[in-house]
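Heads up, the thing below is written out as structure tokens.
Just so it is clear, none of the values below were taken in a lab; they were calculated from the coordinates. Computed from a predicted structure; not experimentally measured. Heads up, the Cβs are rebuilt from the backbone with ideal geometry, glycines too, and the neighbour counts pull from every protein chain shown.
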Amino acid sequence: MLFKLFISVATLFGIVIFAAVAFRVMPMDAARYHIRPALAVPPSTPNFALMVGDEALVLPRNLADVAADVALKAASDGAVLLAGQPEDGFVTYVYRSRLMGFPDALSLTLDPTDEGGTRVQIFSRSRFGYSDLGVNAARVADWVAALQAAR
């Protein structure tokens with residue numbers, strides 16, 4: 001009986017370790033995840049956050065300054081660049097959860113406004129699962145707060 005319990009626990013532990021490693025090394029396809037937020041089709045699952053249109057963030061700073069702030073924010077978060085460059089106005093980063101390494105993609109666009117400011121649109125979504133427990137919405141809110149507080 002004790003042996004069966006040991007085998008069950010060891011098997012479960014092995015599966016968890018395998019999954020943790022697999023999620024961390026699984027590549028993200030830039031062609032699939034580098035999507036302009038304004039063109040994104042919301043997924044059928046609630047594991048995303050989309051800030052576009054009237055909900056977009058408008059900052060009173062020029063695009064070059066906001067692009068520099070975007071690069072700093074991504075670096076401080078430990079996000080990995082998937083495609084694009086902030087200074088080009090369109091970039092996608094990969095975030096991974098701490099425990100299991102589940103990948104999320106965050107795409108954002110920077111567009112100049114007529115008043116000399118910058119319009120920021122963001123699309124953050126999970127690659128796996130149905131619910132993200134609010135992680136993507138919290139990430140977008142964190143980005144908004146950081147970009148508003150910069151300079």
Taking the Cα centre of each part, how many Å lie between the stretch 82-136 and the stretch 15-79? 2
For the chain, build the charge dipole from Cβ charges (+1 Lys, Arg; -1 Asp, Glu) around the Cα centre, then report which of 100, 150, 41 sits farthest towards its positive end. 100
Just grab the label-to-label distance for residue 9 and residue 141, each label 7 Å out from Cα along the Cβ direction, in nm (one decimal). 3.9
Gained length - residue 36 relative to residue 114, 0.36 nm times residue gap less alpha-carbon distance: 26.0 nm
What is the helix-to-structure angle for 63-77, meaning the angle in degrees between its Cα long axis and the longest Cα principal axis of the chain, kept from 0 to 90 and rounded to the nearest 10? 20
Size of electric dipole in the chain: Cβ of Lys, Arg +1 and of Asp, Glu -1, about Cα centre, debye, nearest 20: 800
Rounded to the nearest 10, the angle in degrees between the Cα long axis of helix 135-149 and the longest principal axis of the Cα atoms of the chain comes to 30
With DSSP loop assignment and no more than 10 other C-beta atoms within 10 Å, the trypsin sites (Lys or Arg not before Pro) in the stretch 84-119 are 98
Given [x] 36, 14, 13; [y] 55, 23, 17; [z] 32, 21, 15, the label whose value is semi-axes √(5λ) of the Cα gyration tensor in Å derived from this model: [x]
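Treat the count of other C-beta atoms within 10 Å as a stand-in for reagent exposure and order 51, 100, 26 from fewest to most.
With the sparsest Cβ surroundings first, the list reads 26, 100, 51.
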Using alpha-carbon coordinates, inclination of helix 2-25 to the longest axis of the chain, degrees: 20
